Amino acid sequence: MLDFLYLSLYYFLKFLIFIIPKPALNALLNALSALFYKFDKKHTKIMLANLKMCGYDEQEAKKIIKSCYKNFAYFGLSFLKNQGASKEQILNQVRFENAQMVKDALNSGKALIFQTAHYGNWELMSIACAAYFGVSISVVGRNLDNAKMNKILSKNRTRFNIELIPKSGAARGVLNALKNGRVVGMLVDQNTAAKDGIECKFFGKKILHTPAASIFAQKLNALIVPTFVHQDGDISVISFYDPISLDALGKDSIQIATQLQSDATERVIRKKPDEYFWMHKKFKHFYESIYE
(Lines give C-alpha, C1' and ligand atoms only; values in the text may rest on other atoms or scores of the structure.)
Protein backbone atom coordinates (compact mmCIF):
# COMPACT_ATOMS: atom_id res chain seq x y z
CA MET A 1 0.00 0.00 0.00
CA LEU A 2 2.80 2.41 0.90
CA ASP A 3 4.57 1.64 -2.39
CA PHE A 4 1.38 2.51 -4.26
CA LEU A 5 1.07 5.81 -2.39
CA TYR A 6 4.68 6.77 -3.21
CA LEU A 7 4.15 5.95 -6.88
CA SER A 8 0.85 7.84 -6.99
CA LEU A 9 2.47 10.88 -5.38
CA TYR A 10 5.31 10.74 -7.93
CA TYR A 11 2.94 10.79 -10.92
CA PHE A 12 0.70 13.41 -9.31
CA LEU A 13 3.62 15.78 -8.75
CA LYS A 14 5.01 15.07 -12.21
CA PHE A 15 1.60 16.07 -13.64
CA LEU A 16 1.39 19.19 -11.51
CA ILE A 17 4.72 20.67 -12.57
CA PHE A 18 3.48 20.99 -16.15
CA ILE A 19 0.19 22.71 -15.35
CA ILE A 20 0.91 24.91 -12.31
CA PRO A 21 2.50 28.36 -12.84
CA LYS A 22 5.97 28.66 -11.31
CA PRO A 23 4.95 30.99 -8.43
CA ALA A 24 2.19 28.60 -7.37
CA LEU A 25 4.52 25.61 -7.73
CA ASN A 26 7.14 27.30 -5.55
CA ALA A 27 4.46 28.04 -2.94
CA LEU A 28 3.42 24.37 -3.00
CA LEU A 29 7.00 23.18 -2.53
CA ASN A 30 7.54 25.61 0.34
CA ALA A 31 4.35 24.38 2.00
CA LEU A 32 5.33 20.72 1.55
CA SER A 33 8.79 21.32 3.02
CA ALA A 34 7.23 23.09 6.02
CA LEU A 35 4.89 20.14 6.56
CA PHE A 36 7.77 17.65 6.43
CA TYR A 37 9.69 19.73 8.93
CA LYS A 38 6.71 19.75 11.28
CA PHE A 39 5.64 16.12 11.02
CA ASP A 40 8.77 14.13 10.08
CA LYS A 41 9.89 13.91 13.70
CA LYS A 42 12.10 10.87 13.16
CA HIS A 43 14.39 12.48 10.61
CA THR A 44 14.27 15.92 12.20
CA LYS A 45 15.59 14.37 15.41
CA ILE A 46 18.47 12.66 13.55
CA MET A 47 19.34 15.87 11.71
CA LEU A 48 19.32 17.88 14.94
CA ALA A 49 21.63 15.36 16.64
CA ASN A 50 24.06 15.42 13.70
CA LEU A 51 24.18 19.20 13.52
CA LYS A 52 24.79 19.52 17.25
CA MET A 53 27.69 17.06 16.91
CA CYS A 54 29.11 19.38 14.26
CA GLY A 55 29.06 22.36 16.60
CA TYR A 56 25.80 24.09 15.64
CA ASP A 57 23.59 25.29 18.48
CA GLU A 58 19.94 24.26 18.57
CA GLN A 59 18.55 27.50 17.14
CA GLU A 60 21.00 27.49 14.23
CA ALA A 61 20.50 23.76 13.65
CA LYS A 62 16.72 24.13 13.40
CA LYS A 63 17.14 26.93 10.87
CA ILE A 64 19.44 24.71 8.79
CA ILE A 65 16.99 21.79 8.99
CA LYS A 66 14.10 23.93 7.72
CA SER A 67 16.25 25.06 4.81
CA CYS A 68 17.31 21.44 4.15
CA TYR A 69 13.71 20.33 3.71
CA LYS A 70 13.10 23.23 1.36
CA ASN A 71 16.22 22.46 -0.70
CA PHE A 72 15.32 18.78 -1.02
CA ALA A 73 11.85 19.71 -2.23
CA TYR A 74 13.43 21.74 -5.04
CA PHE A 75 15.98 18.98 -5.80
CA GLY A 76 13.02 16.62 -6.11
CA LEU A 77 11.38 19.03 -8.54
CA SER A 78 14.60 19.08 -10.58
CA PHE A 79 14.58 15.28 -10.70
CA LEU A 80 11.00 15.26 -12.01
CA LYS A 81 11.70 17.91 -14.63
CA ASN A 82 14.82 16.15 -15.89
CA GLN A 83 13.08 12.90 -16.79
CA GLY A 84 13.93 12.53 -20.49
CA ALA A 85 15.77 15.88 -20.71
CA SER A 86 18.32 16.26 -23.52
CA LYS A 87 22.03 16.90 -23.00
CA GLU A 88 21.54 20.53 -23.91
CA GLN A 89 18.74 20.92 -21.39
CA ILE A 90 20.85 19.33 -18.68
CA LEU A 91 23.91 21.46 -19.43
CA ASN A 92 21.82 24.64 -19.38
CA GLN A 93 21.20 23.99 -15.68
CA VAL A 94 24.82 23.62 -14.59
CA ARG A 95 28.14 25.43 -14.34
CA PHE A 96 31.49 23.71 -13.89
CA GLU A 97 34.39 24.87 -11.73
CA ASN A 98 37.93 23.53 -12.36
CA ALA A 99 36.73 21.40 -15.28
CA GLN A 100 40.15 21.67 -16.95
CA MET A 101 41.63 19.73 -14.05
CA VAL A 102 39.35 16.80 -14.88
CA LYS A 103 40.21 17.02 -18.57
CA ASP A 104 43.91 16.88 -17.65
CA ALA A 105 43.27 13.87 -15.41
CA LEU A 106 41.38 12.11 -18.21
CA ASN A 107 44.23 12.83 -20.63
CA SER A 108 46.75 11.38 -18.17
CA GLY A 109 45.52 7.89 -18.98
CA LYS A 110 44.91 7.09 -15.31
CA ALA A 111 41.68 5.63 -14.04
CA LEU A 112 39.44 8.22 -12.41
CA ILE A 113 37.13 8.10 -9.39
CA PHE A 114 34.73 10.95 -8.58
CA GLN A 115 34.35 10.94 -4.79
CA THR A 116 31.23 12.74 -3.65
CA ALA A 117 28.56 12.84 -0.96
CA HIS A 118 24.82 13.15 -0.48
CA TYR A 119 25.13 16.87 -0.95
CA GLY A 120 23.30 19.31 -3.18
CA ASN A 121 21.51 18.00 -6.27
CA TRP A 122 23.72 14.91 -6.50
CA GLU A 123 21.29 13.08 -8.82
CA LEU A 124 21.95 15.73 -11.48
CA MET A 125 25.74 15.58 -11.13
CA SER A 126 26.50 12.28 -12.86
CA ILE A 127 24.33 12.93 -15.91
CA ALA A 128 25.71 16.47 -16.22
CA CYS A 129 29.33 15.24 -16.05
CA ALA A 130 28.64 12.51 -18.62
CA ALA A 131 27.01 15.05 -20.94
CA TYR A 132 29.80 17.63 -20.53
CA PHE A 133 32.93 15.47 -20.66
CA GLY A 134 31.55 12.86 -23.06
CA VAL A 135 32.81 10.01 -20.87
CA SER A 136 31.29 6.74 -19.74
CA ILE A 137 30.42 6.85 -16.04
CA SER A 138 29.61 4.07 -13.61
CA VAL A 139 27.84 5.10 -10.42
CA VAL A 140 27.70 3.00 -7.27
CA GLY A 141 24.28 3.25 -5.66
CA ARG A 142 21.71 1.45 -3.58
CA ASN A 143 18.51 0.22 -5.19
CA LEU A 144 15.27 1.61 -3.77
CA ASP A 145 13.02 -0.76 -1.82
CA ASN A 146 10.10 0.21 -4.06
CA ALA A 147 10.71 -1.76 -7.29
CA LYS A 148 8.65 0.54 -9.53
CA MET A 149 10.21 3.71 -8.14
CA ASN A 150 13.63 2.08 -8.45
CA LYS A 151 12.96 1.43 -12.14
CA ILE A 152 12.10 5.12 -12.64
CA LEU A 153 15.20 6.25 -10.74
CA SER A 154 17.47 3.85 -12.64
CA LYS A 155 16.12 5.07 -15.99
CA ASN A 156 17.00 8.65 -15.06
CA ARG A 157 20.43 7.70 -13.71
CA THR A 158 21.54 5.57 -16.65
CA ARG A 159 21.25 8.00 -19.54
CA PHE A 160 24.22 9.31 -21.55
CA ASN A 161 26.20 6.05 -21.21
CA ILE A 162 25.92 5.89 -17.43
CA GLU A 163 25.64 2.52 -15.73
CA LEU A 164 24.48 1.84 -12.19
CA ILE A 165 26.53 -0.57 -10.08
CA PRO A 166 24.44 -1.96 -7.18
CA LYS A 167 26.07 -1.12 -3.87
CA SER A 168 25.71 -4.68 -2.64
CA GLY A 169 28.70 -6.61 -4.00
CA ALA A 170 29.96 -3.60 -5.98
CA ALA A 171 33.70 -4.44 -5.88
CA ARG A 172 33.85 -6.49 -9.07
CA GLY A 173 31.71 -3.99 -10.98
CA VAL A 174 33.87 -1.05 -9.89
CA LEU A 175 37.13 -2.80 -10.79
CA ASN A 176 35.80 -3.82 -14.20
CA ALA A 177 34.52 -0.31 -14.88
CA LEU A 178 37.88 1.30 -14.02
CA LYS A 179 39.81 -1.28 -16.07
CA ASN A 180 37.54 -0.55 -19.04
CA GLY A 181 38.23 3.18 -18.91
CA ARG A 182 34.98 4.25 -17.29
CA VAL A 183 34.91 7.00 -14.67
CA VAL A 184 33.45 5.71 -11.39
CA GLY A 185 31.31 7.88 -9.11
CA MET A 186 31.12 6.96 -5.42
CA LEU A 187 29.13 8.49 -2.56
CA VAL A 188 31.28 7.79 0.48
CA ASP A 189 29.84 9.92 3.28
CA GLN A 190 27.56 7.56 5.21
CA ASN A 191 28.29 5.54 8.34
CA THR A 192 29.44 1.98 7.63
CA ALA A 193 29.45 -1.36 9.39
CA ALA A 194 32.49 -1.84 11.62
CA LYS A 195 34.02 -4.39 9.21
CA ASP A 196 33.67 -2.02 6.25
CA GLY A 197 35.01 1.26 7.66
CA ILE A 198 38.09 2.85 9.14
CA GLU A 199 38.22 5.53 11.80
CA CYS A 200 38.44 9.10 10.52
CA LYS A 201 37.56 12.56 11.78
CA PHE A 202 34.59 14.64 10.65
CA PHE A 203 33.97 18.06 12.23
CA GLY A 204 36.48 16.99 14.88
CA LYS A 205 34.49 13.88 15.87
CA LYS A 206 35.28 10.22 15.28
CA ILE A 207 33.38 8.47 12.48
CA LEU A 208 33.62 5.30 10.45
CA HIS A 209 34.38 6.13 6.82
CA THR A 210 34.48 3.66 3.96
CA PRO A 211 37.98 3.29 2.47
CA ALA A 212 36.50 1.80 -0.72
CA ALA A 213 37.55 4.62 -3.05
CA SER A 214 41.06 4.59 -1.57
CA ILE A 215 41.39 0.82 -1.98
CA PHE A 216 40.23 0.87 -5.60
CA ALA A 217 42.55 3.79 -6.35
CA GLN A 218 45.51 1.93 -4.84
CA LYS A 219 44.80 -1.27 -6.77
CA LEU A 220 44.58 0.46 -10.15
CA ASN A 221 46.75 3.54 -9.58
CA ALA A 222 43.66 5.70 -10.05
CA LEU A 223 43.13 9.34 -9.16
CA ILE A 224 40.39 10.30 -6.71
CA VAL A 225 38.76 13.63 -7.56
CA PRO A 226 36.54 15.12 -4.83
CA THR A 227 33.48 16.35 -6.70
CA PHE A 228 30.51 18.22 -5.27
CA VAL A 229 27.49 20.17 -6.49
CA HIS A 230 25.82 23.15 -4.84
CA GLN A 231 23.17 25.66 -5.84
CA ASP A 232 23.81 29.21 -7.01
CA GLY A 233 20.27 30.46 -7.59
CA ASP A 234 18.76 28.31 -10.34
CA ILE A 235 22.17 27.00 -11.45
CA SER A 236 23.79 23.84 -10.07
CA VAL A 237 27.52 24.44 -9.70
CA ILE A 238 29.66 21.30 -10.05
CA SER A 239 33.09 21.81 -8.50
CA PHE A 240 36.18 19.63 -8.77
CA TYR A 241 38.96 19.70 -6.21
CA ASP A 242 42.62 18.67 -6.27
CA PRO A 243 43.01 14.98 -7.17
CA ILE A 244 44.15 12.58 -4.46
CA SER A 245 46.99 10.34 -5.65
CA LEU A 246 47.91 7.52 -3.31
CA ASP A 247 51.39 7.33 -4.86
CA ALA A 248 52.42 10.45 -2.97
CA LEU A 249 50.97 9.47 0.42
CA GLY A 250 53.47 6.86 1.57
CA LYS A 251 52.99 3.94 3.94
CA ASP A 252 49.58 4.89 5.37
CA SER A 253 48.12 5.93 2.02
CA ILE A 254 44.72 4.26 2.53
CA GLN A 255 44.16 5.99 5.88
CA ILE A 256 45.42 9.35 4.65
CA ALA A 257 43.47 9.27 1.39
CA THR A 258 40.27 8.35 3.21
CA GLN A 259 40.73 11.16 5.72
CA LEU A 260 41.33 13.58 2.84
CA GLN A 261 37.96 12.56 1.40
CA SER A 262 36.28 13.21 4.75
CA ASP A 263 38.03 16.57 4.96
CA ALA A 264 36.89 17.53 1.46
CA THR A 265 33.28 16.69 2.33
CA GLU A 266 33.48 18.67 5.56
CA ARG A 267 34.86 21.78 3.83
CA VAL A 268 32.01 21.78 1.33
CA ILE A 269 29.37 21.27 4.03
CA ARG A 270 30.74 24.12 6.15
CA LYS A 271 30.10 26.53 3.26
CA LYS A 272 26.44 25.54 2.82
CA PRO A 273 25.30 23.10 5.53
CA ASP A 274 21.67 23.26 4.41
CA GLU A 275 22.43 21.32 1.24
CA TYR A 276 23.75 18.25 3.04
CA PHE A 277 21.61 15.15 3.60
CA TRP A 278 21.77 15.14 7.40
CA MET A 279 19.12 12.42 7.71
CA HIS A 280 21.48 9.44 8.03
CA LYS A 281 23.12 8.55 11.33
CA LYS A 282 26.59 9.80 10.47
CA PHE A 283 28.03 9.37 13.98
CA LYS A 284 26.25 6.14 14.93
CA HIS A 285 29.28 3.87 15.44
CA PHE A 286 31.03 5.97 18.09
CA TYR A 287 28.14 8.06 19.48
CA GLU A 288 25.02 5.91 19.12
CA SER A 289 23.39 7.40 22.21
CA ILE A 290 22.84 10.79 20.52
CA TYR A 291 20.11 9.21 18.37
CA GLU A 292 18.13 7.71 21.27
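Things worth noting here:
- Ala117 falls short of the stated requirement of being over 19 Å from the mean Cα position of the chain (by Cα) and open to solvent by less than 20 Å² (accessible area, probe 1.4 Å).
- Within the stretch 34-103, helices (runs of 4 or more DSSP H) holding 3 or more residues that are surrounded by 19 or more Cβ atoms within 10 Å (Cβ to Cβ) and not polar (S, T, N, Q): 41-53, 58-81
- Qualifying residues in the stretch 213-256 (those that are over 22 Å from the mean Cα position of the chain (by Cα) and acidic (Asp, Glu)) - the one least open to solvent (accessible area, probe 1.4 Å): Asp252
- Residue list for the stretch 113-130, restricted to those being among the small types (Gly, Ala, Ser) and either part of a loop (DSSP other than H, G, I, E, B) or out of contact with any strand residue (DSSP E or B) (no Cβ under 9 Å at 6 or more places or on another chain) (or both): Ala117, Gly120
- A search for C-beta distances below 6 Å between a residue of the stretch 110-136 that is farther than 12 Å from Leu91 by Cα and any residue that is of a type in the set (Ser, Thr, Tyr) and open to solvent by less than 10 Å² (accessible area, probe 1.4 Å), counting only pairs 6+ apart in sequence or on different chains, returns Phe114/Thr227; Thr116/Thr227; Ala117/Thr265; Tyr119/Tyr276; Asn121/Ser236.
- Residue in the stretch 197-212 that is open to solvent by 20 Å² or more (accessible area, probe 1.4 Å) and in a helix (DSSP H, G or I) present: yes
- Test set (1) under 28 Å from Tyr69 (Cβ atoms); (2) touching a residue at least 12 places away in the same chain (Cβ under 8 Å) - Pro243 fails condition number: (1)
- Failed criterion for Lys272 (all others in (1) in contact (Cβ under 8 Å) with a residue 12 or more places away in the chain; (2) open to solvent by less than 50 Å² (accessible area, probe 1.4 Å) hold): (2)
- Residue satisfying all of: in the stretch 138-147; in contact with a strand residue (DSSP E or B) (Cβ under 7 Å, 6 or more places away or on another chain) and either modelled with pLDDT of 95 or more or of a type outside the set (A, V, I, L, M, F, W, C) (or both); surrounded by the most Cβ atoms within 10 Å (Cβ to Cβ) among these: Ser138
- Residue that is modelled with the highest pLDDT [pool: residues in the stretch 10-33 that are within 18 Å of Lys70 (Cα to Cα) and open to solvent by 90 Å² or more (accessible area, probe 1.4 Å)]: Pro23
- Lone unmet requirement of (1) out of contact with any strand residue (DSSP E or B) (no Cβ under 9 Å at 6 or more places or on another chain); (2) open to solvent by 60 Å² or more (accessible area, probe 1.4 Å) for Lys110: (1)
The values are calculated or read from the model by the stated rules, or taken from the named source; none is laboratory data. Because the structure is predicted, anything quoted here is derived from the model rather than measured. Cβ sites come from the backbone with ideal geometry, for glycine too, and all protein chains shown count toward neighbours. In case anyone asks, the SASA skips ligands and DNA or RNA and just uses the protein heavy atoms, side chains included. Shrake-Rupley method; radii C 1.70, N 1.55, O 1.52, S 1.80 Å.
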